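Colleague: Okay, handing you the structure first.
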Amino acid sequence: MGADARYARQVRYPAIGEHGQARLLAASVAIVGVGALGCVTANHLTRAGIGKLTLIDRDIVDRSNLQRQMLYDESDADAGMPKAIAAANRLKAINGDIEIYPHVADLSSFNAEMLLAGADLVIDGSDNFGVRYLINEYSVKLGVPWIYGGAVGASGMTLTVIPGSTPCLCCLFPEPPPGGTLDTCETAGVLSPIIDTIASVQAMEAIKLLIGQPEALHGSLMQIDLWQHQWHSLSVDGARKPNCPVCGLRRFDALDGDAPLEAMTASLCGRNTVQVTPSRQLTLDLGTLQNRLVKAGRSELNPYSLRLHLPDGISFLLFADGRALVMGTDEPMIARRVYADLMGE
Ligand SMILES: [Zn+2]
């Protein structure tokens, strides 16, 4: 099928046209997190013909994801496929004319500048503010726009950040919300339709930006509640702060952060899972490790990960970069101990 037929309905829309389509085909977009929001934006942008998509995700597909993460099915969950790989496989079947690069990784100060390099735009599909502040700093430092999105319950929020033109995330939210004060998908649940709505606004903003029509952007902190039928666009005109540490003073504390001295842990929202990241990048031979850990419990090896089934209902999923998901606990201490016991760190 020729490109003309594939994109005909989109090209017919006057604001896009052949010229806009050519710009989309030449564009590179990085999506950080292909969970609920990231699945929707990746789906739209793949079908729209974005020339190069980079997908970054740290997690594997779980049955509890299938209610809202539209690129995955039961076979992905049963196989424990990394989301980045499962999404890329699905998207390649949808559009074989574009380039898709999956990365099974947790975006961090170590890898952000490498993984996001060359992207014309970064789209937030993550589920935590730590990653969003990191993306925000990368965006301002490199002058690359990004689109924030978040959804919990039946409501969500999105903001398009264009460095030098709009406020950045830090202008509007100088501090991450303190832990425990914010509803999360774990405490409040999340309904699938709000995901599509917020992510579709993100995808439309992406298309406008990539074809060079910033005047068409919504220019607001957009808040939508599909249960209460409330759509608010809070103008962000004049909300740039000259003394904003990131876009005003150009301090990039998260991005330039020093390496941690010990392994870091992070709980994955609503998953009864703790991620353990080693203090340095490793390159592991998972097959050799499987042999070494044969006494620890039953194991499964696939091209992306090694899974060990431990006593007490805990399973340990290790990636080749040394990062692990300890499933069956919410306790960072337990996860750290499991990691240390198996990996000797
Ligand atoms: Zn700012």
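The values are calculated or read from the model by the stated rules, or taken from the named source; none is laboratory data. Just so you know, these numbers come straight off a predicted model, no measurement behind them. As a convention, Cβ positions derive from the backbone with ideal geometry for all residues, glycine included, and neighbour counts pool all protein chains shown.
Matching residues to (1) crowded, with 17+ Cβ neighbours inside 10 Å; (2) among the acidic types (Asp, Glu); (3) in the same structural domain as Ile135 (by TED's automatic domain parsing):
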{"site": "Gln202", "(1), (2), (3)": "yes, no, yes"}
{"site": "Ile211", "(1), (2), (3)": "yes, no, yes"}
{"site": "Leu217", "(1), (2), (3)": "yes, no, yes"}
{"site": "Gln230", "(1), (2), (3)": "no, no, yes"}
{"site": "Thr283", "(1), (2), (3)": "no, no, no"}
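Colleague: Take Asp59 and decide whether it is within 24 Å of Tyr138 (Cα to Cα), at pLDDT below 95 and in contact with a Lys or Arg (Cβ under 9 Å, 6 or more places away or on another chain).
Modeller: Against the criterion (within 24 Å of Tyr138 (Cα to Cα), at pLDDT below 95 and in contact with a Lys or Arg (Cβ under 9 Å, 6 or more places away or on another chain)), Asp59 qualifies.
Colleague: Quickly run through the range 85-112 and pick out the residues that are β-branched (Val, Ile, Thr) and either in contact with a helix residue (DSSP H, G or I) (Cβ under 6 Å, 6 or more places away or on another chain) or surrounded by 21 or more Cβ atoms within 10 Å (Cβ to Cβ) (or both).
Modeller: If the condition is that a residue be β-branched (Val, Ile, Thr) and either in contact with a helix residue (DSSP H, G or I) (Cβ under 6 Å, 6 or more places away or on another chain) or surrounded by 21 or more Cβ atoms within 10 Å (Cβ to Cβ) (or both), then Ile85, Ile94, Ile100, Val104 are the ones that fit.
Colleague: For the range 113-130, name all the residues that are surrounded by fewer than 22 Cβ atoms within 10 Å (Cβ to Cβ) and within 26 Å of Thr184 (Cα to Cα).
Modeller: Matches in the range 113-130: Asn128, Phe129, Gly130.
Colleague: Got a sec? Which helices (runs of 4 or more DSSP H) wholly within the range 98-173 have at least 1 residues that are more than 16 Å from the ligand (Cβ to nearest atom)? Don't jump to the end; show me each part of the working.
Modeller: On the way: elements: 112-115, 129-142, 169-172.
Hits in the range 98-173: 112-115, 129-142.
Yes/no matrix, rows are residues, columns are (1) crowded, with 16+ Cβ neighbours inside 10 Å; (2) touching a residue at least 12 places away in the same chain (Cβ under 8 Å); (3) under 30 Å from Leu172 (Cα atoms); (4) within 16 Å of the ligand (Cβ to nearest atom):
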site	(1), (2), (3), (4)
Ser279	no, yes, no, no
Lys295	no, no, no, no
Tyr304	yes, yes, no, no
Gly313	no, yes, no, no
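Colleague: Which of (1) touching a strand residue (DSSP E or B) at 6+ places or on another chain (Cβ under 8 Å); (2) under 14 Å from Ile100 (Cα atoms) is the odd one out, the single condition Ala26 does not satisfy?
Modeller: The one condition Ala26 does not meet is (1).
Colleague: Among the residues of the range 27-50, is any over 19 Å from Gly270 (Cα atoms), surrounded by fewer than 17 Cβ atoms within 10 Å (Cβ to Cβ) and over 16 Å from the mean Cα position of the chain (by Cα)?
Modeller: Yes, there is a match, as at least one residue in the range 27-50 is over 19 Å from Gly270 (Cα atoms), surrounded by fewer than 17 Cβ atoms within 10 Å (Cβ to Cβ) and over 16 Å from the mean Cα position of the chain (by Cα).
Colleague: When you scan the range 200-249, how many residues do you find that are at pLDDT 95 or above, of a type in the set (Asp, Glu) and within 16 Å of the ligand (Cβ to nearest atom)?
Modeller: Final tally of qualifying residues: 0.
Colleague: Which of the helices (runs of 4 or more DSSP H) found entirely inside the range 3-89 contain at least 2 residues meeting this: within 18 Å of Ile135 (Cβ to Cβ)?
Modeller: Hits in the range 3-89: 36-48.
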